[in-house]
Amino acid sequence: MGQLQVAIIPVTAFQQNCTLIWDQDSLEGVVIDPGGDVDRIKAAIAETGMKPKAIWLTHGHIDHAAGAMDLKDDLKVDIIGPHIDDTPLLQGLEKQAQMFGLDGEVRNCDPDRWLEEGETLNIGSHEFEVYHCPGHAPGHVVFFNRAADFAHVGDVLFSGSIGRTDLPGGDHETLINSIKTKLMEWPDSVQFICGHGPASSIGQERQSNPFLT
């Protein structure tokens, strides 16, 4: 089993961290949250040499899911996640696009498989646990690789901040509860990638995140 490799491609005006994760030996990997700029994502895939076997979605906001259907068509892989509670968001991507003046550039998304709390996903022999963490979006999920002390948490938790809760389906109390009862149960040593901005660690956020202290 090779080590996990990671590449982050900030996409679109939202500067969303589309993330490639793959096994360095087998090159088998996944694309997390292709929010747009699909040609740039495909160029990054070619550059790394990784072989995508799936697209994973953390949630259904336009900046995370807008490129999913086009990338699926190009790569011929399944879209996995998020939780079924994000169906209205994924079925409303074209409407979200109109609000941002992106008419005709975005397609509604139909995942091939929804995810539930407690399921596991694999990249080669690397196992990721699925946590359902609503609050930023009703169906938001995060992916945790316990063996590597590594997670991708989408827009649940950021370096020094938390996800917005003023969007449709958002709820501040629910988000704080998701973070405290799930992410804060992980060891301090866990490093995580988030949906925007720099990576951080659970220890760092436990100590200094103003929303949690």
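The values are calculated or read from the model by the stated rules, or taken from the named source; none is laboratory data. Since the model is a prediction, treat every value here as computed from it, not as a measurement. Quick reminder, even Gly has a Cβ in these numbers, built from the backbone with ideal geometry, and neighbours come from all protein chains shown.
Quick one: which of 86, 74 is acidic (Asp, Glu) and either buried (at least 21 other Cβ atoms within 10 Å of the Cβ) or in a strand (DSSP E or B) (or both)? Step through it out loud before you land on a result.
Details: 74 fails: either buried (at least 21 other Cβ atoms within 10 Å of the Cβ) or in a strand (DSSP E or B) (or both).
The match here is 86.
Listed by position, the strands (runs of 3 or more DSSP E) enclosed by region 101-175 that each have at least 2 residues that are farther than 19 Å from residue 202 by Cα are 120-123, 126-132.
In this structure, does residue 139 turn out to be modelled with pLDDT under 95 and crowded, with 20+ Cβ neighbours inside 10 Å? Talk me through it step by step, then tell me what you get.
Values: modelled with pLDDT under 95: no; crowded, with 20+ Cβ neighbours inside 10 Å: yes.
No: the conditions fail for residue 139.
Taking region 163-184, which residues are more than 8 Å from residue 136 (Cβ to Cβ) and of a type in the set (A, V, I, L, M, F, W, C)?
First, the residues of region 163-184 that are more than 8 Å from residue 136 (Cβ to Cβ): 166, 168-169, 171-174, 176-184.
Result: 176, 179, 183, 184.
Restricted to region 85-120, and to residues there that are at pLDDT 95 or above and β-branched (Val, Ile, Thr), the residue that is farthest from residue 145 (Cα to Cα) is 87.
Restricting attention to region 176-194, and to residues there that are surrounded by 14 or more Cβ atoms within 10 Å (Cβ to Cβ) and assigned to a loop (DSSP other than H, G, I, E, B), which single residue is farthest from the chain's Cα centre (by Cα)? Please lay out each step first, then the result.
Initially, region 176-194 is screened for residues surrounded by 14 or more Cβ atoms within 10 Å (Cβ to Cβ), giving 176-179, 182-184, 186, 190-194.
Then drop every residue that is not assigned to a loop (DSSP other than H, G, I, E, B), which leaves 182, 186, 190, 194.
Numbers: 182: 16, 186: 18, 190: 16, 194: 7 Å.
Looking at the filtered set, the residue picked out is 186.
The condition of being crowded, with 22+ Cβ neighbours inside 10 Å, touching a helix residue (DSSP H, G or I) at 6+ places or on another chain (Cβ under 8 Å) and either closer than 17 Å to residue 144 by Cα or not β-branched (Val, Ile, Thr) (or both) holds for only one of 16, 5, that being 16.
Can you tell which of 63, 103 is surrounded by fewer than 17 Cβ atoms within 10 Å (Cβ to Cβ) and either among the acidic types (Asp, Glu) or over 19 Å from residue 136 (Cβ atoms) (or both)?
Details: 63 fails: surrounded by fewer than 17 Cβ atoms within 10 Å (Cβ to Cβ).
Answer to the selection: 103.
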